[in-house]
Structures are given as C-alpha cells and as structure tokens.
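Written below as structure tokens is the structure these notes are about.
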Amino acid sequence: MAAAGPSLPGCRSHVTHTMAETLLQASRQRRAKAMTAAAGSAGRAAVSLLLCALLALGGAYVLDDSDGLGREFDGIGAVSGGGATSRLLVNYPEPYRSQILDYLFKPNFGASLHILKVEIGGDGQTTDGTEPSHMHYALDENYFRGYEWWLMKEAKKRNPNITLMGLPWSFPGWLGKGFNWPYVNLQLTAYYVVSWIVGAKYYHDLDIDYIGIWNERTFDSDYIKVLRRMLNYQGLQQVKIIASDNLWEPIAASMLLDPELLKVIDVIGAHYPGTHTVKDARLTEKKLWSSEDFSTLNNDVGAGCWARVLNQNYINGYMTSTIAWNLVASYYEQLPYGRCGLMTAQEPWSGHYVVESPIWISAHTTQFTQPGWYYLKTVGHLEKGGSYVALTDGLGNLTIIIETMLPNGSDSFTLELQADELFTLTTLTTGTKGSYPLPPKSQPFPRIYKDDFNVDYPFFTEAPNFADQTGVFEYFTNMEDPGEHRFTLRQVLNQRPITWAADAYNTISVIGDYKWSNVTIKCDVYIETPQTGGVFIAGRVNKGGILIRSARGVFFWIFANGTYRVTGDLAGWMIYALGQADIRAKKWYTLTLTIKGHFSSGMLNGKPLWTNVPVNFPKNGWAAIGTHFFEFAQFDNFYVEAMG
C-alpha cells in the first residue's frame, strides 16, 4: 500500500511512506497476513476478503469487508452560486484564470472535484449578488447570460466525468403571477426549469445530471411530480431529482407517506446536517447527500472543519456526497461570508489568487477515490478523537482517510496520529500536489477606473467588476443610436423577482474598493421610464448581499419628474438634500458625485447642482449605480477616482 497526500500548511496533513509502512507492518504482526486485493467487478459483486488494521496507541481499528461493503460513494463537490460567488473569476486574465480552474477541477492536481453544482440564475439576490435568469420574461430566452454555462464547460474540459447539478434560489417575477411564490402554476415553473436543462444541452452540449427544487425553501410535492413528468416528456429520463435542499424533514416523512413522491425523488439532499441524518430519511432507502456544507472561512480552522465533515458525514449520517458552499471566493470580501470558498480569487485586476487549505483537504479524498467506489462498513471514530473511512473500487484498490481535526485546535494527544492531522493511505499512485508559479502579488482595486461599455460582442453579459446586488445590469446595444451611447450598461428587470433573500426595492450594482472614502464618481445616465423613473450614482456604499436593503452611503438621485435627491441610504429614507432640476426621461445626463471628508457635492452635466452636504456616516464603501425601482435604465462612461 502506497501513501499519498499533499501537505497542508498549518494542519500538518503530511503523509509519509514511513507511516504507511508502520501501519502495514503492524497489520501483518497482528493479523499474520497482509492486505489482499479485492477481486471481481466493481461494486458489491464478488468481493474477496479485504482485511487490515489501523494501529494507534488507543487501540487497533480493523478494516474488513467480509460482511460486505457499505454505501456507494457519490463524490465530493462544490457550489457556484447562491449567489454570484464566482462573479469576479470570469474577469481574471490568463493564464491565472485557467490556473484557478485547474486547482478546482483538474484530476489529480488540486481539489479535483467530482461534482459541480450551479445556481439556476433567477434574477434575485441569493447571498452575495444576483445571477441573471435565462428567461427574464415569459417570451424571453437567452442561454448565454451569466457565467455558469461557461464554468460548467470549463469543469467538463478538465474532467469529462464531473457530475453537473442545477438548483434555483430565486425565480423571475413573471412565474409568480403577482405572488412571491414559484408554485402558482406548477407546469409553468417546471417548463422554466426544464428549459434550462434543455438549453444547457442544445447551446452548450452540457448534460445536467441532477436538478433541485428550491434552495432552502418550501417544496411542493405536486410540483416535484410535475417536474418529473415534464423531464420524461422531454426525453430527460436520465436527469435525477434531488430534494429538498433544506432539512431532512419534512421531505423524508412526505416521501414515506406518498409512494409516488418516493418514486420520483432520487436523492434526499440536506443542508448543513451537522454530520447526522434522521430515521425517516434512512427508511426511504434513498441516497442521502449533504448537498450544501462547509460555509466557513477558508483558513486552517475552516479547513479542519471541512476535513471532519468529509469523513463524518458518512460515518454518522450515511451521506455519500458532500458539497461545499462555495466553490471559489470570487466576490468582494466585504460581502456576506467573505472568503468562504475552497480557495480565494477576488482580484481580477491584479491576477492575484490564493490556493487555500481546503483545496488540499479536498484532495485527500477526491484524488484517491471516485464516484462508484464503495465505503467499507468498518468505518468510525478514533477513541481519542477524529475519524477514519475506507473505500474500495472492488478491483483491488483501497483508500483510507484518517482525520484528527479537533475543533479549534484542541489539545494534542500523544499517538501515532497527532491532533489536527489528515492522512490518506492508498494503493493508488496517481495523486499529486499540483502547482503553478506564484501568481502576481495582491493589489488594491485601481484608484482610477473607467468603463465605456463599448463591447460589440461581449463574451459575458455583465461588465467586469460590477457586482449586481438587486436587479440585473447587462451590456446593451442601442440599435437606433449610432452615436456616443450605442453601447451601454442597462438594468433589464422591470418586475421584482420571486425573492430568496430580502432584495432591495431599488436596483443596485456595486464596484471598487470597500476602503474607498474620498472619491469622485462620474457616469452618464438615461432614464427610460417617464414620470416615475429614476437613477442614481453612489459612493461609500457599506453593505451588500443579503444585507443590501439596509445599505448606507451617499446616493445622488435624479428623477424623470424633474427633481433630484441626495440620501444617506439606498431605501431613500434619510434625505440630505432635494430640489428641482431640468430632467426628463429619454435623455442622457452626466452625473458627478464628489465625497471628501465630511462633505459631498453633486454636478449635473458639469454644473454644480448641490454642494457641501454634510456626510458623517459611513466612512468608506463601494461605488455604485442603480435605479429607483425595477425599471429599464442605462449607464455609460462610468468613471471613478479614489483619493483615499
């Protein structure tokens, strides 16, 4: 048996041939036989004796398949979405973007993930931003919006066998027929989701393997049945349904009481199960997955948490797949749950990224197992803390993963296995610790930044570095405007989505360095809605993500009814100044906002409109653009200069 496993900084996940040899020698001495290879086909058929012992000072732990094997292993994965967690990744220059993708997906290199789960964008705020829907409106279909299609294709390039999953968080508003609810018309919502699956295949040659219901929200049993029938009608019998991406109950009990529901659900997925399941879920005899887990700062403590979860989800709860939220922390760090990805890539302007500890924690399992392997029944906890699992492919290969990750680095105990260590012992010889030359050094967001949005055929629908927090801002071509504003950035929603979080009633996209305090922001704006329409530019915006409704800052608004307003919050309750201005819809205006120290001022078309308005809070934050409500509006020639 060869030992393998990359070193983990801080968590001492070193694996040596000496340790492997010691364990093997102890096994031979205690059992008078070496481990023999399992023979026969993969799975449960024709499995011959597999016997070895882990030896620690606390006692011996026997690994044995004489009583058969445990459950089939379904893989380790991660989530892109929930929401906009990969937003900045797409802006990275090469070769750094490809290097990041290799660390995530390339087999026998880094995290080597078996599963990629993506958000089916629904236009709503879903943690760190919004992701655009493929159907903003009933008669609108576009299967090139956002970046999840691109990400799935990049994952498939590196690992053709990777499992792909889709799950909605929010839904476009038209599905609700006036209600904040996706189950008003079951057939319509099923059609919307199935269209995403069909579009993935038709436009991107992507086969979606699993589809979910509604992330961490109420499920509807009838909808799940309708979804299955519509999938079958479209020839998508191979697409499996996972439900309900919330808690074990009430979905498990509902399945036991409803034979048809039990039949159409293939996997029960629970979020953050704490490594345990419930009796009803086990009684269904369905596959049990931790379909969202981790959600932890990606330092060494977070990595230790991830190591415990990967082993103990199966030991304690018979979960055969664990999926991390999130894939890569590629969003502004000051948004909610900053740096809660397997690695960090939040500086496309510099190319800097960090291969964090959870990448190598993942590798200890992913590089030495594959979906289709089986757990041994003889897995469990170490007497002094920690756990061990063993898996076999049924063809003679065995992998043992041992973790002694104690919460928050608790006191060590003197054993052959020390506290806060991770070991992988395996017969495989293919694992490696992939590496690239160091990426560029970290740099702050440029102090001077501009974008004229003059992109004729954009590869991505969103402008670089803008992070939509409510609403969707997309590249737009004014076919009737051959002049300066032919190419713009447009807010494209005119209806509030079926929300997952507390989206603001105004749309907003943030950009820049959260540390910015003294700034000048300039942008051309175009109100499309007569009388009631309005737009803003803003600085020192201090909140985003699921907290966006309570964002403070300095907001400079103009309205189609001929007024302007300066507020200290996005909601518009804190009014600093207001007045009349020569403004109407369907005309371009240039707004300039300057914030310096405790004062701010604004210009309209280069002429002062208001001056020396006091600003005492907040002290810093992002720049932003947005609209008064869900309305069409355009932005062009964005410019920001930070002075400190």
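The values are calculated or read from the model by the stated rules, or taken from the named source; none is laboratory data. Note that this is a predicted model, so its numbers are computed, not measured. Backbone-built Cβ (ideal geometry, glycine too); neighbour counts: all protein chains shown. The protein model used for the area step is the full one, side chains on, heavy atoms only, and it has no ligands, DNA or RNA in it. Shrake-Rupley method; radii C 1.70, N 1.55, O 1.52, S 1.80 Å.
Of all DSSP-defined beta bridges confined to the chain, some 75% are antiparallel rather than parallel. Contact order for the range 343-469, expressed relative to its length and based on alpha carbon pairs under 8 Å spaced 6+ residues apart, stands at 24 percent.
Distance distribution note for the range 63-166: the fraction of Cα pairs above 23 angstrom is 37%. Compute the helix-to-body angle for 96-105: its Cα long axis versus the longest principal axis of the chain, expressed 0 to 90° and rounded to tens. Approximately 40 degrees, to the nearest 10.
Once the mean of 1/r is taken over each pair of separate Cα atoms and inverted, the range 449-604 shows a Kirkwood hydrodynamic radius of 16.4 Å. Phi-derived couplings, Karplus 6.51 cos²θ - 1.76 cosθ + 1.60 at θ = phi - 60°, listed residue by residue for the range 369-376: 9, 8, x, x, 5, 10, 6, 6 Hz, with x used for Gly and Pro. Diagonalising the gyration tensor over the Cα atoms of the range 266-323 and scaling each eigenvalue by 5 before taking the square root yields semi-axes of 22, 10, 8 Å, largest first. Which ³J(HN,Hα) values, rounded to whole Hz and listed in residue order, are derived for the range 106-114 from phi using the Karplus coefficients 6.51, -1.76 and 1.60 in 6.51 cos²θ - 1.76 cosθ + 1.60 with θ = phi - 60°, glycine and proline given as x? Karplus-based 3J(HN,Hα) across the range 106-114 equals 5, x, 6, 9, x, 5, 6, 5, 8 Hz.
Counting only the Cα atoms, the range 468-510 fills a convex hull of 83 Å³ per residue.
Across the range 520-633, the mean sequence separation of Cα contacts (distance under 8 Å, 6 or more residues apart), normalised by length, yields a relative contact order of 33 percent.
Near residue 420, the amide H atoms lying under 5 Å from its own belong to 404, 405, 406; only residues 5 or more places off or on other chains count, and H is placed 1.01 Å from N. Viscosity 0.692 mPa s, temperature 37 °C: what is the translational diffusion coefficient of the range 551-628 from Stokes-Einstein with a Kirkwood Rh over Cα pairs, rounded to a whole number of µm²/s? Diffusion coefficient, whole number: 256 µm²/s. Here residue 435 and residue 222 are evaluated by their C-beta separation; at R0 = 51 Å the FRET efficiency comes out at 0.50. Taking every C-alpha pair closer than 8 Å and separated by at least 6 residues, the mean separation divided by the residue count of the chain gives a relative contact order of 16 percent. A straight Cα-to-Cα reach below 30 Å connects residue 619 with the lysines 441, 450, 515, 522, 543, 596, 607, residues fewer than 8 places away in its own chain not being considered.
The distance between label points at residue 582 and residue 253 comes to 6.8 nm (points 7 Å beyond Cα on the Cα→Cβ vector).
In this Cβ point-charge picture (+1 for Lys and Arg, -1 for Asp and Glu), the chain has a dipole of about 500 debye about its Cα centre.
Amide H contacts of residue 609 (H built 1.01 Å from N, in plane; Pro and chain starts excluded): 602, 603, 604 sit under 5 Å, all sequence-distant by 5 or more or on other chains. Calculated accessible area for the chain comes out at 37 Å² per residue, all protein chains present (probe 1.4 Å; ligands, DNA, RNA ignored).
Couplings for the range 494-510, taken from phi via the Karplus curve 6.51 cos²θ - 1.76 cosθ + 1.60 with θ = phi - 60°, read 10, 8, 5, x, 6, 7, 9, 10, 8, 4, 5, 8, 9, 8, 7, 10, 9 Hz in order; Gly and Pro are left as x.
Ranked by the mean number of other Cβ atoms within 10 Å of their residues, highest first, the peptides 554-566, 288-300, 572-584, 79-91 come out as 79-91, 288-300, 554-566, 572-584.
In the range 150-274, the convex hull through the Cα atoms has an average projected area of 8.5 nm², a quarter of its surface area. Its alpha carbons considered, the chain gives a radius of gyration followed by a Dmax of 26.8, 93 Å. Place a point 7 Å from the Cα of residue 318 along the Cα-to-Cβ direction; which residues of the range 364-387 have their backbone N under 15 Å from it? Counting backbone N atoms under 15 Å from the label point, the list is 375-379.
Each semi-axis of the equivalent ellipsoid for the range 95-147 is √(5λ) with λ an eigenvalue of the Cα gyration tensor; in descending order they amount to 29, 12, 11 Å.
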